[in-house]
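The values are calculated or read from the model by the stated rules, or taken from the named source; none is laboratory data. Small disclaimer: the values here were computed from a predicted structure and weren't measured. Using ideal geometry, Cβ is built from the backbone for each residue, glycine included, and neighbour counts are taken over all protein chains shown. Just so you know, the surface numbers come from the protein's heavy atoms only, side chains and all, with ligands and any DNA or RNA stripped out. Shrake-Rupley method; radii C 1.70, N 1.55, O 1.52, S 1.80 Å.
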Amino acid sequence: MILTGLGILQATLAVSAVTVYPTVTTTFAAAAANYTGAAAYDPTVLTPPPVPSGLNTQFVVQLQSSGTGNLSQPQNGSFIGFSIEMTLLQVPFLNLMANLQERSGRVNVRVGGNTQETARMVDSTPDGKILEKNITGASNPYGPQNYFQDFGTYIQDMVNANLPGQNLLVGPNLAYADWTTEQVWDTGFVSTYSQNLALLSVENYPTDNCAAQFNTGGTIQDPQAIFPGFLSHTAQYSGHSILQKFLNSTNFALQNGKRLYMMETNTGSCGGFAGISDAFGSALWGIDYAFQMAFNNFAGGMIHVGGQNVFYNPFTPPPTNQSTFHQWTVGPTYYTALVAAESIGPSNGTQVLDLGANGGNDFTPCYGFYENGAPVRVGCINYVTDPTGASDLKVQIAIGGSGIGQPNQSPATVKVKYLLASSVSQKGNFTWAGQTFGDNFASDGRPVGDINITTITCDGTTNLCTVPVPAPSYALIYLTDTSLNEPGGAATQTFATTVQTRFRNTATVDQAVLATSNGGYGKKLGSTSSGSSNAAVSGRLMMAPGLVSVLALVVGLGVLQRVVRRG
């Protein structure tokens, strides 16, 4: 895996348009054991965990108007990006990236990943497949000191060849398997190559599904049994648990004038799990994980994207032989990225705080988002599934007040956006502020529906703003109108659907324009749906200059440790 530097590349694309195809949704009470199709569309629906006993559903979140301690380093709204293995530069992909760019000003994408970066041609494979992973020879005497030396050799090769980007390298991109980050730092890696390193990096998954996906002979994990491990703040597979082993390294990075980046992650390596990775619960899991990374001073994280054979994709194009009648499928972790972009915002100076809300209850975490030292937004998660409404939260927000020796600064009203589904097990048709990307094969990359922002009047007597948080959901609470209306990125160039003898899948981009495109300004997004060339939401979806900021980030030198196998 060759270190390639942080180049911001202008994306080029080959358009292969798609159109909306109405689908019939079937609900399964348990695993769809007889399903034999692609993993990306597996219909398995798990049973949500039971309602926790003794859940406190009404609590106060007391915020200081200033002087709050333990805030994170300033963070960017583009905090969550994508690690992509497949060719995706089509109109729906650009629209999906535009949604994020509008909210944060840019999108970070790592192209490559997995074994593509070290793939080699062989005469044949043992089972006759065209492409497969080589998982033999996993024991390797190669150690941290060897990596340290080879990294130096690579830099010298760059110098000898007069290559650009010698100060934009990222490493070591460890998966924390055979080596620890501390072992690499102990070689003098950072101090020796400081002038070459733009970021330090790791990758990690909370668990793996390799035994089921690749018949490794290991113990196959039951998704139903491990599902609760993703659905609370400090559970076994939570972001909080994932990050414990990296906290020394985030501090070490800051002490050396660097930041640590999570180069690749998702719900489970080897493709994730049916009923977990593709269900609403993973959106909430991802939101909590993202904010834990931000609070613990990571510089960002990338959600991994695979092909048709994985469960965990944030977005999936239709199979090639179905692209004339099916659209894209948008998964729950894309909603994670969208929500994170809006929660952190486009100022590039937002600081994040885990508020330890509700006495630190595992099922009701809340985060504060601060700009210039003042709270501007609060985000609360309700992990519980309870259709009776008895587990809906009432989060009472106060800013300042005599109880903490500050003047009362609670607003007269707050505005709220909700990420909603009926259950943590629900697949597709989630809504963010009233808009959705639909079900399988239903999206051209643009949110559908009217934006719904709830206004809540605060109590002027108690100075409390009581915000309901349904079970399950995420609520983003805007404490000021300014924080709701912060500008993001500039509008993108239109990719129009042209009129041809074909009436569907006719979206095109003028290749001459594409070759020199720098994003454009002030225009609507194009549509890939029949009859909807003018249906783009006016002024809503935008793309930064360059269309997509593609981070060609490092991943170590050709040296892949025996990592938790990725898929």
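Side notes on the structure shown:
- Being in contact (Cβ under 8 Å) with a residue 12 or more places away in the chain and open to solvent by 10 Å² or more (accessible area, probe 1.4 Å) is a description that applies to Phe325.
- Of residues in region 291-312 being out of contact with any helix residue (DSSP H, G or I) (no Cβ under 6 Å at 6 or more places or on another chain) and assigned to a loop (DSSP other than H, G, I, E, B), the one farthest from Tyr367 (Cα to Cα): Gly307
- Summed over region 176-192, the residues that are free of Cβ contacts under 8 Å to residues at least 60 places away in the same chain and part of a loop (DSSP other than H, G, I, E, B) give a count of 3.
- Inter-residue pairs, beta-carbon under 6 Å, first under 14 Å from Pro74 (Cα atoms) and in region 328-347, second at pLDDT 95 or above and open to solvent by 10 Å² or more (accessible area, probe 1.4 Å), 6+ apart: Ser347/Glu371
- Inclusion of Val190 among residues that are surrounded by fewer than 22 Cβ atoms within 10 Å (Cβ to Cβ), of a type in the set (Val, Ile, Thr) and closer than 22 Å to Gln244 by Cβ is warranted.
- Some residue of region 214-225 being open to solvent by 40 Å² or more (accessible area, probe 1.4 Å), hydroxyl-bearing (Ser, Thr, Tyr) and touching a residue at least 24 places away in the same chain (Cβ under 8 Å): yes
- Region 382-394, residues that are β-branched (Val, Ile, Thr) and out of contact with any Pro (no Cβ under 8 Å at 6 or more places or on another chain): Thr388
- Every residue from region 362-373 that is surrounded by fewer than 20 Cβ atoms within 10 Å (Cβ to Cβ) and not acidic (Asp, Glu): Asn372, Gly373
- In region 395-417, the residues that are surrounded by fewer than 20 Cβ atoms within 10 Å (Cβ to Cβ) and either touching a Pro at 6+ places or on another chain (Cβ under 7 Å) or part of a loop (DSSP other than H, G, I, E, B) (or both): Gly400, Gly405, Pro407, Asn408, Gln409, Pro411, Ala412
- For first residues located in region 58-71 and assigned to a loop (DSSP other than H, G, I, E, B), partners that are hydroxyl-bearing (Ser, Thr, Tyr) and lie 6+ apart or on another chain with Cβ distances below 7 Å form the pairs Thr68/Tyr370; Leu71/Tyr370.
- Contacts under 9 angstrom Cβ, first residue in region 376-388 being more than 16 Å from Gly360 (Cβ to Cβ) and in a strand (DSSP E or B), partner open to solvent by 10 Å² or more (accessible area, probe 1.4 Å) and charged (D, E, K, R), 6 or more apart: Val376/Glu486; Arg377/Glu342; Arg377/Glu371
- Qualifying residue in region 333-353 (condition: within 15 Å of Ile287 (Cα to Cα), open to solvent by 40 Å² or more (accessible area, probe 1.4 Å) and outside any helix (DSSP H, G or I)): no
- Count of region 297-309 residues which are of a type outside the set (Phe, Trp, Tyr), closer than 30 Å to Thr250 by Cα and touching a Ser or Thr at 6+ places or on another chain (Cβ under 8 Å): 7
- Residue match in region 458-465 (condition: surrounded by fewer than 24 Cβ atoms within 10 Å (Cβ to Cβ), modelled with pLDDT of 95 or more and among the acidic types (Asp, Glu)): yes
- Residues satisfying the stated conditions in region 402-422, i.e. at pLDDT 95 or above and small (Gly, Ala, Ser): Ser410, Ala412, Ala421, Ser422
Listed here are the residues, each with its yes/no results for (1) without any contact (Cβ under 8 Å) to a residue 40 or more places away in the chain; (2) surrounded by fewer than 23 Cβ atoms within 10 Å (Cβ to Cβ); (3) part of a helix (DSSP H, G or I).
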| residue | (1), (2), (3) |
| --- | --- |
| His240 | no, yes, yes |
| Phe252 | no, yes, yes |
| Tyr261 | no, no, no |
| Gly271 | no, no, no |
| Ile276 | no, no, no |
| Ala283 | no, no, yes |
| Tyr289 | no, no, yes |
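- Hits in region 193-213 - residues which are part of a helix (DSSP H, G or I) and either surrounded by 22 or more Cβ atoms within 10 Å (Cβ to Cβ) or touching a Lys or Arg at 6+ places or on another chain (Cβ under 7 Å) (or both): Cys210
- Filtered by the rule that a residue be of a type in the set (Val, Ile, Thr) and open to solvent by 10 Å² or more (accessible area, probe 1.4 Å), region 85-102 gives a lone residue, Thr87.
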